[in-house]
Amino acid sequence: FLSHFKPAAAVAIAALMIGAGAADAKNFKIAVGDSAGSAQEATGKAFVAALEEKSGGKHTATLFLNGQLGSEEVTVNDAAMGTLDMSLLAINNITPYSPTVGVFSLPYVILSLEEAEKLTQGPIGEELTQNTINDAGVRIIAWTYTGFRVLTNSKKPVKSVADLQGLVVRVPKNEIMIDTYKAWGINPTPMAWSETFTALQQQVVDGQDNPYLTVNAMKFYEVQKYITNIRYIFSIEPLIISESLFQGLSADEQQMILDAGQAATQASAQFLRDSEAAIKQDLLAKGMEISDPENGEEEFIKLATEAVWPKFYDSIGGVEKLNAVLETLGRAPV
Ligand code: MLT
């Protein structure tokens, strides 16, 4: 009897162990707003690689590109509800749920990649991470740095605020960005990211703004001709995780996720440094025309900062929040 029982028991125990192992192994779903070749994808891939490495191959994650799991704004809500694990999206699309992150979208506050790294990886980044947990039920675990959001359009070279008049420009559903264009004298068209390419293609709108990397990855060169190197927003695109999911993980798993997020943040900065200049050349080669705003962008800067900053002091948590940012960057307070 025993000689027959043992192998069966061994099989049963092995099956249980496989079952337990399979239940523990995680494959997180990550919604990604942008397409292959984007900065978001680079961050996502680096996160997956680091998570696999840190967990000895036990845990992984899968990227769903091109807004397959929903437009960026919607994914914040889904992650908060726990029906989505993670999302990679532009920070301006989190602002409606957690207004204090708007400090990173105020025009002409972040003026370089180095400034973006300093802010996101220091105490201010930690405070905003805590705020998104409280306000939106999502935790920021990595930062993507995508470069300045340049203006593209299909109609004409734009070098001045005067040139901008008459253009129909799509913006995210973000009050700060809407008000910035209003300060420049036009009424922009707020629209979900997932609808933007089609709207440009069908000429429902003439233009939009996003970094070179995004313009290239999303193939906007097929439907846009002119680029203006405005530098009003340095695009930051966090990787967020559902806070309820995160709280349900073991301490070890949480640590692995945070460490993988840090590795992804570093990889993102490197990706931008390595690729932005070549992508700009590529856009020129594909027939886009690139201009700089006249007079060092002076008029754009003056109109935007004067009208927009004071309007959003309350929503970012008070003027002292902006001053903390400016102080961190070694600039004079307002
Ligand atoms: C937007 O314009 O809504 C975002 O910047 C899109 C993106 O994720 O690249």
Does Leu84 meet the test of being in contact (Cβ under 8 Å) with a residue 24 or more places away in the chain, in contact with an Asp or Glu (Cβ under 9 Å, 6 or more places away or on another chain) and either away from the ligand (no atom under 16 Å from the Cβ) or not charged (D, E, K, R) (or both)?
-> yes
Which one is nearest to Asn77 (Cα to Cα) among residues in segment 206-255 that are away from the ligand (no atom under 13 Å from the Cβ), surrounded by 22 or more Cβ atoms within 10 Å (Cβ to Cβ) and hydrophobic (A, V, I, L, M, F, W, C)?
-> Ile241
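For segment 284-311, give me the residue count where each residue is of a type outside the set (D, E, K, R) and touching a strand residue (DSSP E or B) at 6+ places or on another chain (Cβ under 7 Å). If you could, list the steps in order and put the result at the bottom.
Quick first cut of segment 284-311, residues of a type outside the set (D, E, K, R) only: 284-285, 287-288, 290-291, 293, 295-296, 300-301, 303-305, 307-310.
Restricting the remaining residues to those that are touching a strand residue (DSSP E or B) at 6+ places or on another chain (Cβ under 7 Å) gives 284, 288, 290-291, 293.
Here the count works out to 5.
Which is touching a residue at least 24 places away in the same chain (Cβ under 8 Å) and touching an Asp or Glu at 6+ places or on another chain (Cβ under 7 Å), of Ile240, Ile236, Ile230? Reasoning before the result, please.
On the way: Ile240 fails: touching an Asp or Glu at 6+ places or on another chain (Cβ under 7 Å); Ile236 fails: touching an Asp or Glu at 6+ places or on another chain (Cβ under 7 Å).
Residue meeting the stated conditions: Ile230.
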Of the residues that make up segment 43-51, is at least one open to solvent by 40 Å² or more (accessible area, probe 1.4 Å) and modelled with pLDDT of 95 or more?
-> yes
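One line per residue, one yes/no per condition, for (1) more than 12 Å from the ligand (Cβ to nearest atom); (2) among the hydroxyl-bearing types (Ser, Thr, Tyr); (3) closer than 17 Å to Val101 by Cβ; (4) out of contact with any helix residue (DSSP H, G or I) (no Cβ under 9 Å at 6 or more places or on another chain):
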site: Gly137; (1), (2), (3), (4): yes, no, yes, no
site: Ala142; (1), (2), (3), (4): yes, no, yes, no
site: Gly147; (1), (2), (3), (4): no, no, no, no
site: Val158; (1), (2), (3), (4): yes, no, no, no
site: Arg170; (1), (2), (3), (4): no, no, no, no
List every residue pair whose Cβ atoms sit under 7 Å apart, with the two residues 6 or more apart in sequence or on different chains, where the first one lies in segment 29-49 and is closer than 22 Å to Gly82 by Cβ and the second, anywhere, is within 13 Å of the ligand (Cβ to nearest atom) and assigned to a helix (DSSP H, G or I).
-> Ile30/Gly44; Ala31/Thr75; Val32/Gln40; Val32/Glu41; Val32/Gly44; Gly33/Gln40; Gly33/Glu72; Gly33/Trp193
Show the residue pairs that are 6+ apart or on different chains and have beta-carbon atoms under 6 Å apart, the first residue being within segment 291-312 and touching a residue at least 60 places away in the same chain (Cβ under 8 Å), the second being among the basic types (Lys, Arg).
-> Ser291/Lys159; Pro293/Lys159; Glu294/Lys159
Being free of Cβ contacts under 8 Å to residues at least 40 places away in the same chain and charged (D, E, K, R), is that true of even one residue in segment 133-145?
-> yes
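Would you tally the residues in segment 79-113 being assigned to a strand (DSSP E or B) and polar (S, T, N, Q)?
So the first thing to find is which residues in segment 79-113 are assigned to a strand (DSSP E or B), and the list is 86-88.
Of the ones still in play, those that are also polar (S, T, N, Q) are 87.
So the count comes out to 1.
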Could you check, for segment 55-78, whether at least one of its residues is part of a helix (DSSP H, G or I), open to solvent by 60 Å² or more (accessible area, probe 1.4 Å) and at pLDDT below 90?
-> no
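Within segment 267-290, can you find the residues that are free of Cβ contacts under 8 Å to residues at least 12 places away in the same chain and either under 20 Å from Glu237 (Cα atoms) or buried (at least 17 other Cβ atoms within 10 Å of the Cβ) (or both)? Explain how you work it out, then say what you get.
So the first thing to find is which residues in segment 267-290 are free of Cβ contacts under 8 Å to residues at least 12 places away in the same chain, and the list is 270, 274, 277-278, 281, 284-285.
If the condition is that a residue be free of Cβ contacts under 8 Å to residues at least 12 places away in the same chain and either under 20 Å from Glu237 (Cα atoms) or buried (at least 17 other Cβ atoms within 10 Å of the Cβ) (or both), then Gln270, Asp274, Ala277 are the ones that fit.
The values are calculated or read from the model by the stated rules, or taken from the named source; none is laboratory data. Bear in mind that the values here come from a model prediction, so they are computed numbers and not experimental data. Neighbour counts are summed over all protein chains in view; Cβ atoms, including those assigned to glycine, are modelled from backbone coordinates with ideal geometry. Side chains are part of the model used for accessible areas, which takes the heavy atoms of the whole protein and leaves out ligands, DNA and RNA. Shrake-Rupley method; radii C 1.70, N 1.55, O 1.52, S 1.80 Å.
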